[in-house]
Amino acid sequence: MTAVMTEAELEKDFEHTLSRDQRIEPRDWLPEAYRKTMVRQIAQHAHSEIIGMQPEGKWITMAPSLRRKAILLAKVQDEAGHGLYLYSAAETLGADRADLTDKLISGRQKYSSIFNYPTPTFADVGVIGWLVDGAAICNQVPLCRSSYGPYARGMIRICKEESFHQRQGFELLMTMMRGTQAQRDMVQDAVNRWWWPSLMMFGPPDDDSPNTAQSMAWKIKRHTNDELRQRYVDMSVPQAEALGVTFPDPELKWNAERESYDFGPIDWSELKRVISGDGPCNAERIANRRKAQEDGAWVREAATAHAKKKEA
Ligand code: FAQ
């Protein structure tokens, strides 16, 4: 007969697993606060992938060639797949997928601020691939070592696909930069609009990030928001030079002492505004998601009826 472990012993076991850098798995005991944080982060991430299909998805019917259309279709489908892996990971923590969707469309759960900006030109498709997927990779590669097993494993596959997304964006922009002056101007204009919002993707500064300390202690996050933001700036500047574009920041310059780029102040009031629902496209993104949910009701009903019939 096995002895029943007390809560304190279970907690000690959990801490021991973390201290050995091993994964927490769905069958393991975990503190309620850890479960809540994990569901919050995974749900926000899943919602971001699904809402993130919209800004680029708009260009599928207007892509300038069959090749670009095929590439974009594949990319947007990948984002749907990422959403599904992530909702599945949240389900291993006892979350209910329908409930998560409800929380998204009623504004009770967040998604990334970045997807509330418009995509007026085709250069935006390239810049989303290069900068937004670039920032996503920078943030998510360390999450492959996150302490929650299903999330960390999902992240490995997601990062491989994001890396293809970033390359397709860069290749699209390279092609445009080799084109006409009007095309080059279009790329620079898109870079000007997306640069600062892409820096905001990493979240608030460390001294204003309520979740970082605990998430680092639980090894959910492996780096702070500011550390990853700096890494992203350092990685992006040489890429911009190779492309022949500039970032809209007069204070951006190499700091030899720190061996990193210094950059200008971020407008945190803009991030707060966009997160709280007042970005340029928040209302449109949620309205589209709500409509898709309503339009798909008959499919879910039919699938449930079919499953019941088969069971009987
Ligand atoms: N937007 O205390 P912290 C992608 C919230 S996927 C909106 O620092 P934390 C792929 C935060 O949730 C992009 N909300 O929080 C793609 C928290 O909310 P609370 C998404 C934000 O969790 C590419 C509060 O503010 N990626 O791009 C944002 O420790 C192209 C306080 O913040 C992920 O979700 C924001 N930018 O750190 C798809 C990655 N920043 O507590 C299509 C996983 C913060 O009020 C096309 N997530 N908040 O509920 C993470 O790494 C973390 O959750 C952070 C935030 C770093 C985002």
Of every Cα-Cα pair in the chain, the percent that sits beyond 35 Å
25
Ordered by residue, what ³J(HN,Hα) values in Hz, to whole numbers, does region 174-189 give under the Karplus form 6.51 cos²θ - 1.76 cosθ + 1.60, where θ = phi - 60° and Gly and Pro are x?
4, 5, 5, 5, 8, x, 8, 4, 4, 5, 4, 5, 5, 5, 4, 4
Can you list the HN-Hα couplings for region 114-131, worked out from phi with the Karplus curve (6.51, -1.76, 1.60; θ = phi - 60°), rounded to whole Hz and with x for Gly and Pro?
4, 8, 9, 10, x, 10, x, 10, 5, 4, 4, 4, x, 5, 4, x, 5, 7
How many angstrom separate the Cα center of region 121-136 from the Cα center of region 1-21?
44
Taking only the alpha carbons of region 66-123, what extent do you get along each of the three principal axes, in Å, biggest first?
42, 22, 14
Calculate how large, on average over all directions, the projected area of the Cα convex hull of region 60-202 is; give the answer in nm² to one decimal.
9.2
Near ALA89, within a Cβ-to-Cβ distance under 13 Å, what is the net charge of the other residues, with Lys and Arg +1 and Asp and Glu -1?
+3
Counting only protein chains, not ligands or nucleic acids, how are ARG157, ARG300 ordered by accessible area (probe 1.4 Å), most first?
ARG157, ARG300
CD proxy at 222 nm, helix term only [per DSSP H run n ≥ 4: -39500 (n - 2.57); per residue of the chain; nearest 500]
-20000 deg cm²/dmol
Round to a whole number: what % of the accessible area of the chain belongs to carbon and sulfur, probe 1.4 Å?
56
Cα-based Rg / Dmax (Å) for region 137-260
16.7, 51
I'd like the accessible area for ARG23: 1.4 Å probe, protein heavy atoms, all chains in place, Å² to the nearest 10.
80
Of TYR151, TYR261, TYR117, the most mobile residue in a GNM of the chain (C-alpha springs, cutoff 10 Å) is TYR261
Cα-based Rg and Dmax for region 14-115, in Å, come out at 17.0, 55
Run through all the Cα pairs of region 212-257 and give the fraction in each 5 Å bin from 0, expressed as whole percent.
5, 17, 19, 20, 12, 10, 11, 5, 0
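The values are calculated or read from the model by the stated rules, or taken from the named source; none is laboratory data. Keep in mind the model is a prediction, meaning the values are calculated, not measured. All Cβ positions, glycine included, derive from the backbone under ideal geometry; neighbour counts span all protein chains shown. Keep in mind that these areas ignore ligands, DNA and RNA; they rest on the heavy atoms of the full protein, side chains included. Shrake-Rupley method; radii C 1.70, N 1.55, O 1.52, S 1.80 Å.
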